[in-house]
Amino acid sequence: MNEELNLKQLIEWYITAGVEETAGEVPFAPPPAAEVKATPVRSMAAPRPSESGRQVTTALAQATIDAGKNARELCKTIDNLDELKALVEKFDGCSLKFTASNTVFGDGSQTARVVFIGEAPGADEDRIGRPFVGRSGQLLDKMLAAVGLDRSLCYITNVLPWRPPGNRTPTDSEIAVCLPFLKRQIDIINPDYLFVLGGSAANALLDQQESISRLRGRWLDYKNSAGKNIQVLASFHPAYLLRNPGQKAKVWVDLLRLAKKMSEDGAAGREE
């Protein structure tokens, strides 16, 4: 019994010390327990995981760069949403695709004046394959109707076409790989306005690092690939409003600002 206990302690100490292999038939004995506690053991093999980690990180970073570049190059060859959707469904450069049930591409009018942009699909969207169809989507539909906007005349999409596992926050690399698909959708639709839902989506699209509280409430600018300036409003995501209903009034104000701007610009365009 004591021999088994000593052997177990010996193996545990080997693991703690970072020993990966032994040389010889008889293992060396560990120092007394008191010495182990007093003097932390530094493994001679310690640099190996670190070096390996740096190599893996470099490989992953390079893979992300290559995937993002590939996505941008592929998007340049696409001129309509149907072809772009087919391209995204075949694209294997983002690991999220392999954990998602469906590719969730944009939905709505291809000639929309306004595009609504969220962060990523949720569980319902992943199951059905359409953006904003769950509780968040139902709330968004009600908000649009309240300010006189018909969802079928708008275009709704996300930064990511695939749901992150467990609805976790997307990584920077995942956003970087998928962002070209969103930007190409905007290029093809050529809207006059973008309404971005949530700080993550706003920062991804505008290449900023600001809280949604600082971004919302004012007109921002986005330039498409042709150099056209598109006016942007950012506001809270409907999922956030479901958890914090007290913030709905702020989104109501933002949507009224959008509806007013669209009405004024439309009237001016008719007069011209």
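Below, the figures for the structure above:
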item: Highest average packing first - 136-143, 67-74, Cβ atoms within 10 Å; result: 136-143, 67-74
item: Heavy-atom accessible surface of region 90-207: percent carbon and sulfur, 1.4 Å; result: 45 percent
item: Mean shadow area of region 57-158 over all directions, Cα convex hull, nm²; result: 7.5 nm²
item: Ranked by how many other beta carbons lie within 10 Å on average, peptides 251-261, 124-134 from highest; result: 124-134, 251-261
item: Overall dimensions of region 138-272 by Cα: Rg and Dmax, Å; result: 15.1, 50
item: Hull volume in cubic angstrom per residue (convex hull over the Cα atoms of region 219-271); result: 88 Å³
item: Which listed pairs, of 97/142; 76/261; 90/142; 97/183, have C-alpha distances above 22 Å, in listed order; result: 97/142; 76/261; 90/142
item: Cα radius of gyration and Dmax for region 108-173 (Å); result: 12.4, 37
item: Kirkwood hydrodynamic radius of region 189-252, from inverse mean 1/r over distinct Cα pairs, in Å; result: 12.3 Å
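The values are calculated or read from the model by the stated rules, or taken from the named source; none is laboratory data. These figures come from a predicted structure and were not determined experimentally. Cβ coordinates were reconstructed from backbone atoms using ideal geometry, including for glycine residues, and neighbour counts include every protein chain displayed. Heavy atoms of the whole protein, side chains included, go into the accessibility calculation; ligands, DNA and RNA do not. Shrake-Rupley method; radii C 1.70, N 1.55, O 1.52, S 1.80 Å.
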